[in-house]
Amino acid sequence: VLTAPIVLLIEHLLHRGLHVYVISIAGASIGLVVLLRLAGLLSAIERARGSERLARREAEQAQRLLAFQNEHLRELDLLKDEFVSSVSHELRTPLTSISGYAELLLEEESSETKQGYLRIIERNSARLLGLVSDLLFAARLQDGRLVLDLAPVELRVLVEQAVEEARPRAERAGVVLEVNAGDASVLGEPDRLAQLLDNLVSNAIKFTPAGGRVVVGLESQEGQIRLEVSDTGIGVPPEDRERLFERFFRSQSALEREIQGTGLGLYISKAIVEAHGGRIGVSNVAGGGTVFVVELPGAA
Ligand SMILES: Nc1ncnc2c1ncn2[C@@H]1O[C@H](COP(=O)(O)OP(=O)(O)OP(=O)(O)O)[C@@H](O)[C@H]1O
Ligand SMILES: [Mg+2]
(Lines give C-alpha, C1' and ligand atoms only; values in the text may rest on other atoms or scores of the structure.)
(Ligands and ions follow the chains in the order given, each with its own letter.)
Protein backbone atom coordinates (compact mmCIF):
# COMPACT_ATOMS: atom_id res chain seq x y z
CA VAL A 1 0.00 0.00 0.00
CA LEU A 2 2.87 2.32 0.84
CA THR A 3 4.88 1.49 -2.31
CA ALA A 4 2.94 3.85 -4.62
CA PRO A 5 3.11 7.00 -2.41
CA ILE A 6 6.83 6.37 -1.63
CA VAL A 7 7.75 5.96 -5.33
CA LEU A 8 5.76 9.08 -6.23
CA LEU A 9 7.54 11.04 -3.46
CA ILE A 10 11.02 9.89 -4.56
CA GLU A 11 10.20 10.74 -8.20
CA HIS A 12 9.01 14.15 -7.14
CA LEU A 13 12.10 14.85 -4.96
CA LEU A 14 14.63 13.59 -7.53
CA HIS A 15 12.73 15.14 -10.48
CA ARG A 16 13.15 11.93 -12.44
CA GLY A 17 11.37 8.58 -12.93
CA LEU A 18 12.67 5.42 -11.18
CA HIS A 19 13.30 2.27 -13.07
CA VAL A 20 10.06 0.24 -13.39
CA TYR A 21 11.85 -3.10 -12.59
CA VAL A 22 13.25 -1.72 -9.32
CA ILE A 23 9.79 -0.57 -8.29
CA SER A 24 8.02 -3.80 -9.20
CA ILE A 25 10.68 -6.11 -7.67
CA ALA A 26 10.92 -4.08 -4.44
CA GLY A 27 7.11 -3.76 -4.17
CA ALA A 28 6.53 -7.46 -4.92
CA SER A 29 9.19 -8.64 -2.41
CA ILE A 30 7.80 -6.45 0.33
CA GLY A 31 4.28 -7.72 -0.45
CA LEU A 32 5.53 -11.31 -0.44
CA VAL A 33 7.31 -10.93 2.90
CA VAL A 34 4.18 -9.40 4.42
CA LEU A 35 1.98 -12.17 2.99
CA LEU A 36 4.31 -14.89 4.28
CA ARG A 37 4.35 -13.31 7.71
CA LEU A 38 0.54 -13.06 7.72
CA ALA A 39 0.21 -16.69 6.65
CA GLY A 40 2.58 -17.68 9.48
CA LEU A 41 0.54 -15.70 11.98
CA LEU A 42 -2.73 -17.20 10.75
CA SER A 43 -1.44 -20.75 11.02
CA ALA A 44 -0.04 -20.03 14.52
CA ILE A 45 -3.47 -18.71 15.56
CA GLU A 46 -5.11 -21.79 14.08
CA ARG A 47 -2.71 -24.08 15.94
CA ALA A 48 -3.33 -22.22 19.23
CA ARG A 49 -7.08 -22.52 18.66
CA GLY A 50 -6.74 -26.23 18.03
CA SER A 51 -4.81 -26.85 21.24
CA GLU A 52 -7.25 -24.64 23.16
CA ARG A 53 -10.16 -26.74 21.86
CA LEU A 54 -8.31 -29.88 22.93
CA ALA A 55 -7.53 -28.47 26.39
CA ARG A 56 -11.14 -27.40 26.82
CA ARG A 57 -12.38 -30.86 25.87
CA GLU A 58 -9.99 -32.42 28.36
CA ALA A 59 -11.04 -29.95 31.08
CA GLU A 60 -14.72 -30.72 30.43
CA GLN A 61 -13.99 -34.42 30.65
CA ALA A 62 -12.09 -33.94 33.93
CA GLN A 63 -14.95 -31.83 35.28
CA ARG A 64 -17.50 -34.50 34.40
CA LEU A 65 -15.32 -37.11 36.11
CA LEU A 66 -14.92 -34.91 39.18
CA ALA A 67 -18.67 -34.26 39.37
CA PHE A 68 -19.29 -37.98 39.11
CA GLN A 69 -16.75 -38.74 41.84
CA ASN A 70 -18.18 -35.98 44.05
CA GLU A 71 -21.65 -37.40 43.65
CA HIS A 72 -20.30 -40.84 44.52
CA LEU A 73 -18.54 -39.48 47.64
CA ARG A 74 -21.70 -37.68 48.71
CA GLU A 75 -23.68 -40.91 48.39
CA LEU A 76 -21.03 -42.78 50.42
CA ASP A 77 -21.06 -40.05 53.05
CA LEU A 78 -24.84 -40.28 53.27
CA LEU A 79 -24.64 -44.07 53.54
CA LYS A 80 -22.05 -43.77 56.31
CA ASP A 81 -24.28 -41.33 58.22
CA GLU A 82 -27.29 -43.61 57.79
CA PHE A 83 -25.21 -46.56 58.97
CA VAL A 84 -23.94 -44.74 62.05
CA SER A 85 -27.38 -43.47 62.89
CA SER A 86 -29.11 -46.86 62.50
CA VAL A 87 -26.40 -48.71 64.46
CA SER A 88 -26.58 -46.07 67.21
CA HIS A 89 -30.33 -46.41 67.27
CA GLU A 90 -30.11 -50.20 67.58
CA LEU A 91 -27.52 -49.91 70.35
CA ARG A 92 -29.67 -47.64 72.45
CA THR A 93 -32.31 -50.21 73.45
CA PRO A 94 -29.95 -52.93 74.76
CA LEU A 95 -27.79 -50.32 76.48
CA THR A 96 -30.77 -48.80 78.26
CA SER A 97 -31.73 -52.26 79.42
CA ILE A 98 -28.19 -53.09 80.66
CA SER A 99 -27.99 -49.84 82.56
CA GLY A 100 -31.52 -50.28 84.03
CA TYR A 101 -30.86 -53.84 85.26
CA ALA A 102 -27.45 -52.89 86.65
CA GLU A 103 -29.19 -50.15 88.63
CA LEU A 104 -31.81 -52.64 89.93
CA LEU A 105 -29.14 -55.17 90.93
CA LEU A 106 -27.14 -52.46 92.65
CA GLU A 107 -30.12 -51.67 94.88
CA GLU A 108 -30.46 -55.35 95.89
CA GLU A 109 -26.80 -56.27 96.17
CA SER A 110 -25.23 -56.26 99.61
CA SER A 111 -21.73 -57.51 98.83
CA GLU A 112 -19.26 -54.60 98.51
CA THR A 113 -17.25 -56.31 95.74
CA LYS A 114 -20.29 -57.03 93.62
CA GLN A 115 -21.57 -53.50 94.16
CA GLY A 116 -18.23 -52.24 92.85
CA TYR A 117 -18.57 -54.39 89.71
CA LEU A 118 -22.15 -53.24 89.17
CA ARG A 119 -21.10 -49.60 89.51
CA ILE A 120 -18.50 -50.15 86.79
CA ILE A 121 -21.16 -51.71 84.53
CA GLU A 122 -23.50 -48.82 85.24
CA ARG A 123 -20.86 -46.14 84.63
CA ASN A 124 -19.69 -47.68 81.39
CA SER A 125 -23.15 -48.28 80.01
CA ALA A 126 -24.00 -44.66 80.85
CA ARG A 127 -20.89 -43.57 78.96
CA LEU A 128 -21.82 -45.70 75.96
CA LEU A 129 -25.37 -44.34 76.05
CA GLY A 130 -23.97 -40.81 76.05
CA LEU A 131 -21.78 -41.62 73.06
CA VAL A 132 -24.66 -43.23 71.17
CA SER A 133 -26.89 -40.21 71.84
CA ASP A 134 -24.14 -37.86 70.62
CA LEU A 135 -23.74 -39.90 67.43
CA LEU A 136 -27.49 -39.85 66.81
CA PHE A 137 -27.70 -36.14 67.54
CA ALA A 138 -24.78 -35.37 65.20
CA ALA A 139 -26.38 -37.46 62.44
CA ARG A 140 -29.59 -35.48 62.87
CA LEU A 141 -27.60 -32.24 62.61
CA GLN A 142 -26.09 -33.47 59.33
CA ASP A 143 -29.61 -34.01 57.96
CA GLY A 144 -30.70 -30.44 58.58
CA ARG A 145 -30.94 -27.59 61.00
CA LEU A 146 -31.74 -28.11 64.63
CA VAL A 147 -35.36 -27.26 65.39
CA LEU A 148 -35.96 -26.06 68.94
CA ASP A 149 -38.94 -26.31 71.21
CA LEU A 150 -38.72 -22.81 72.71
CA ALA A 151 -39.71 -21.85 76.25
CA PRO A 152 -38.51 -19.19 78.71
CA VAL A 153 -35.52 -20.63 80.59
CA GLU A 154 -33.72 -19.43 83.71
CA LEU A 155 -30.17 -20.12 82.65
CA ARG A 156 -28.78 -19.62 86.17
CA VAL A 157 -30.74 -22.66 87.39
CA LEU A 158 -29.39 -24.79 84.53
CA VAL A 159 -25.83 -23.59 85.16
CA GLU A 160 -26.07 -24.48 88.86
CA GLN A 161 -27.54 -27.88 88.03
CA ALA A 162 -24.80 -28.64 85.48
CA VAL A 163 -22.13 -27.65 88.00
CA GLU A 164 -23.66 -29.77 90.78
CA GLU A 165 -23.89 -32.78 88.45
CA ALA A 166 -20.26 -32.35 87.46
CA ARG A 167 -18.97 -31.80 91.00
CA PRO A 168 -18.30 -35.48 91.85
CA ARG A 169 -16.33 -35.83 88.60
CA ALA A 170 -14.33 -32.68 89.41
CA GLU A 171 -13.58 -33.98 92.90
CA ARG A 172 -12.40 -37.32 91.54
CA ALA A 173 -10.14 -35.45 89.12
CA GLY A 174 -8.80 -33.16 91.87
CA VAL A 175 -10.14 -30.04 90.14
CA VAL A 176 -11.78 -27.15 92.01
CA LEU A 177 -15.13 -26.25 90.44
CA GLU A 178 -16.55 -22.78 91.04
CA VAL A 179 -19.70 -21.10 89.84
CA ASN A 180 -20.49 -17.45 89.65
CA ALA A 181 -23.92 -17.13 88.06
CA GLY A 182 -26.20 -14.12 87.96
CA ASP A 183 -29.81 -14.06 86.73
CA ALA A 184 -30.23 -14.53 83.01
CA SER A 185 -33.34 -15.61 81.12
CA VAL A 186 -33.31 -16.88 77.58
CA LEU A 187 -35.87 -18.21 75.18
CA GLY A 188 -34.64 -21.71 74.49
CA GLU A 189 -34.95 -25.43 74.89
CA PRO A 190 -33.91 -26.43 78.44
CA ASP A 191 -32.63 -29.93 77.49
CA ARG A 192 -30.45 -28.58 74.71
CA LEU A 193 -29.06 -25.78 76.89
CA ALA A 194 -28.31 -28.32 79.65
CA GLN A 195 -26.52 -30.44 77.03
CA LEU A 196 -24.44 -27.40 76.00
CA LEU A 197 -23.50 -26.64 79.64
CA ASP A 198 -22.67 -30.26 80.31
CA ASN A 199 -20.39 -30.42 77.26
CA LEU A 200 -18.47 -27.27 78.20
CA VAL A 201 -18.15 -28.07 81.92
CA SER A 202 -17.17 -31.69 81.34
CA ASN A 203 -14.55 -30.63 78.76
CA ALA A 204 -13.10 -28.09 81.20
CA ILE A 205 -12.79 -30.76 83.92
CA LYS A 206 -11.50 -33.40 81.50
CA PHE A 207 -8.76 -31.22 80.05
CA THR A 208 -7.58 -29.82 83.38
CA PRO A 209 -4.93 -31.76 85.32
CA ALA A 210 -5.30 -32.34 89.07
CA GLY A 211 -4.78 -29.22 91.16
CA GLY A 212 -6.42 -27.00 88.53
CA ARG A 213 -9.53 -24.83 88.62
CA VAL A 214 -12.69 -24.51 86.54
CA VAL A 215 -14.90 -21.43 86.82
CA VAL A 216 -18.35 -21.10 85.26
CA GLY A 217 -19.58 -17.52 85.00
CA LEU A 218 -22.94 -16.22 83.82
CA GLU A 219 -24.00 -12.59 83.44
CA SER A 220 -26.62 -10.60 81.60
CA GLN A 221 -25.84 -7.19 80.14
CA GLU A 222 -28.15 -5.02 78.04
CA GLY A 223 -30.22 -7.96 76.86
CA GLN A 224 -27.13 -9.96 75.96
CA ILE A 225 -26.19 -13.07 77.96
CA ARG A 226 -22.60 -14.09 78.42
CA LEU A 227 -21.61 -17.52 79.66
CA GLU A 228 -17.95 -18.25 80.35
CA VAL A 229 -16.39 -21.59 81.17
CA SER A 230 -12.72 -21.14 81.96
CA ASP A 231 -10.11 -23.60 83.14
CA THR A 232 -6.43 -23.78 84.00
CA GLY A 233 -5.96 -26.87 81.84
CA ILE A 234 -3.84 -27.95 78.89
CA GLY A 235 -4.98 -25.10 76.61
CA VAL A 236 -5.70 -25.16 72.87
CA PRO A 237 -2.94 -24.55 70.28
CA PRO A 238 -3.84 -21.41 68.21
CA GLU A 239 -3.87 -23.38 64.94
CA ASP A 240 -6.58 -25.72 66.33
CA ARG A 241 -8.89 -23.01 67.63
CA GLU A 242 -11.12 -22.84 64.54
CA ARG A 243 -11.21 -26.59 64.03
CA LEU A 244 -12.34 -27.49 67.57
CA PHE A 245 -15.97 -27.12 66.51
CA GLU A 246 -15.68 -29.54 63.58
CA ARG A 247 -17.23 -32.99 63.75
CA PHE A 248 -14.85 -35.57 65.26
CA PHE A 249 -11.98 -33.09 65.64
CA ARG A 250 -9.68 -33.71 68.62
CA SER A 251 -6.51 -31.70 69.12
CA GLN A 252 -3.11 -33.36 69.17
CA SER A 253 -2.65 -32.50 72.86
CA ALA A 254 -5.83 -34.44 73.74
CA LEU A 255 -4.74 -37.43 71.66
CA GLU A 256 -1.22 -37.46 73.11
CA ARG A 257 -2.55 -37.45 76.66
CA GLU A 258 -5.03 -40.21 75.74
CA ILE A 259 -7.95 -38.23 77.16
CA GLN A 260 -11.16 -40.03 76.21
CA GLY A 261 -13.64 -38.48 73.80
CA THR A 262 -15.16 -38.63 70.35
CA GLY A 263 -14.85 -35.03 69.24
CA LEU A 264 -18.60 -34.47 68.99
CA GLY A 265 -19.26 -32.35 72.09
CA LEU A 266 -18.20 -28.99 70.66
CA TYR A 267 -19.72 -29.68 67.23
CA ILE A 268 -23.05 -30.29 68.96
CA SER A 269 -22.54 -27.32 71.31
CA LYS A 270 -21.95 -24.93 68.41
CA ALA A 271 -25.10 -26.14 66.64
CA ILE A 272 -27.12 -25.63 69.85
CA VAL A 273 -25.74 -22.12 70.41
CA GLU A 274 -26.40 -21.11 66.80
CA ALA A 275 -29.93 -22.52 66.85
CA HIS A 276 -30.52 -20.19 69.82
CA GLY A 277 -29.29 -17.22 67.76
CA GLY A 278 -25.99 -16.98 69.63
CA ARG A 279 -22.32 -17.61 69.04
CA ILE A 280 -19.52 -19.51 70.69
CA GLY A 281 -15.80 -18.83 70.75
CA VAL A 282 -12.66 -20.01 72.44
CA SER A 283 -9.48 -18.30 73.59
CA ASN A 284 -6.50 -19.00 75.75
CA VAL A 285 -6.21 -17.77 79.30
CA ALA A 286 -3.03 -15.96 80.30
CA GLY A 287 -0.94 -18.33 82.41
CA GLY A 288 -2.32 -21.45 80.71
CA GLY A 289 -5.82 -22.76 80.24
CA THR A 290 -8.81 -22.15 78.03
CA VAL A 291 -11.97 -20.11 78.15
CA PHE A 292 -15.10 -20.86 76.13
CA VAL A 293 -17.42 -17.89 75.74
CA VAL A 294 -21.05 -18.25 74.69
CA GLU A 295 -23.16 -15.20 73.84
CA LEU A 296 -26.91 -15.59 73.65
CA PRO A 297 -29.71 -13.10 73.10
CA GLY A 298 -31.70 -12.52 76.31
CA ALA A 299 -35.38 -13.44 76.57
CA ALA A 300 -36.50 -9.80 76.42
N1 LIG B 1 -11.39 -26.98 77.94
C2 LIG B 1 -10.58 -27.46 77.00
N3 LIG B 1 -9.23 -27.37 77.12
C4 LIG B 1 -8.40 -27.85 76.17
N5 LIG B 1 -8.81 -28.44 75.03
C6 LIG B 1 -10.14 -28.56 74.84
C7 LIG B 1 -11.10 -28.09 75.80
N8 LIG B 1 -12.33 -28.35 75.33
C9 LIG B 1 -12.16 -28.96 74.16
N10 LIG B 1 -10.86 -29.10 73.85
C11 LIG B 1 -10.29 -29.69 72.62
O12 LIG B 1 -11.31 -29.74 71.65
C13 LIG B 1 -11.52 -31.08 71.19
C14 LIG B 1 -12.97 -31.27 70.83
O15 LIG B 1 -13.78 -31.17 71.98
P16 LIG B 1 -15.14 -32.00 72.01
O17 LIG B 1 -15.85 -31.70 73.26
O18 LIG B 1 -15.84 -31.76 70.72
O19 LIG B 1 -14.63 -33.52 71.98
P20 LIG B 1 -14.16 -34.47 73.14
O21 LIG B 1 -14.38 -33.85 74.48
O22 LIG B 1 -12.78 -34.90 72.81
O23 LIG B 1 -15.15 -35.69 72.95
P24 LIG B 1 -16.70 -35.75 73.34
O25 LIG B 1 -17.10 -34.39 73.82
O26 LIG B 1 -17.37 -36.12 72.06
O27 LIG B 1 -16.78 -36.78 74.38
C28 LIG B 1 -11.03 -31.94 72.34
O29 LIG B 1 -10.66 -33.21 71.91
C30 LIG B 1 -9.84 -31.14 72.83
O31 LIG B 1 -8.73 -31.38 72.00
MG1 LIG C 1 -16.26 -32.96 74.99
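The values are calculated or read from the model by the stated rules, or taken from the named source; none is laboratory data. Predicted model only: the values in this text are computed from it and were never measured. Here Cβ is always computed from backbone atoms with ideal geometry, including for glycine, and neighbour counts include all displayed protein chains. Surface accessibility is based on the protein's heavy atoms, side chains included, excluding ligands, DNA and RNA. Shrake-Rupley method; radii C 1.70, N 1.55, O 1.52, S 1.80 Å.
When the convex hull of the C-alpha atoms of the chain is computed, what volume per residue in Å³ does it have?
288
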**Report entry** All aspartates and glutamates inside 20 Å of Lys114 as judged from Cα atoms, apart from same-chain residues fewer than 8 positions distant
**Finding:** Glu103, Glu122
Requested in this report: Could you check which residue among Gly281, Gly31, Gly212 shows the biggest mean-square fluctuation in a GNM of the chain with a 10 Å Cα cutoff?
Outcome: Gly31
**Report entry** Cα-based helix-to-principal-axis angle, 265-275 vs the chain, degrees rounded to 10
**Finding:** 80
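At 1.4 Å probe size, with the rest of the protein present, what percent of the exposed accessible area of the chain is carbon and sulfur atoms? List each step's numbers first, then the result.
Working: 11340 of 19570 Å².
The nonpolar share, carbon plus sulfur, comes to 58 percent.
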Requested in this report: For region 1-79, state the average projected area of the convex hull of the C-alpha atoms over all orientations, rounded to one decimal in nm².
Outcome: 7.7
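Only helical DSSP H runs with n ≥ 4 go in: add -39500 (n - 2.57) per run for the chain, normalise by residue count and round the 222 nm mean residue ellipticity to 500 deg cm²/dmol.
Details: 7 runs with 185 residues, N = 300.
Rounded to the nearest 500, it is -22000 deg cm²/dmol.
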Report task. Restricting things to alpha carbons, tell me how big region 69-115 is in terms of Rg and Dmax, in Å. Result -> 19.5, 61
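What accessible area per residue, rounded to a whole number of Å², is obtained for the chain using a probe radius of 1.4 Å?
Details: 19570 Å² over 300 residues.
Per residue, the chain has an accessible area of 65 Å².
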Report summary line: With Cα springs under 10 Å, the Gaussian network model of the chain assigns the largest mean-square fluctuation among Glu164, Glu103, Glu189 to Glu103
Requested in this report: Would you tally the net charge around Leu244, using a Cβ to Cβ cut-off of less than 10 Å, leaving Leu244 out, and scoring K and R as +1, D and E as -1?
Outcome: +1
Report task. Give me the orientation-averaged projected area of the Cα convex hull of region 151-273, in nm², one decimal. Result -> 7.5
Query raised in the report: Which of the peptides 39-49, 248-258, 192-202, 170-180 is most tightly packed, and how do the rest follow, going by the mean number of other Cβ atoms within 10 Å of each residue?
Result: 192-202, 170-180, 248-258, 39-49
Query raised in the report: Which of the lysines could a cross-linker bridge to Lys270, judged by Cα under 20 Å and excluding same-chain residues fewer than eight apart?
Result: Lys206
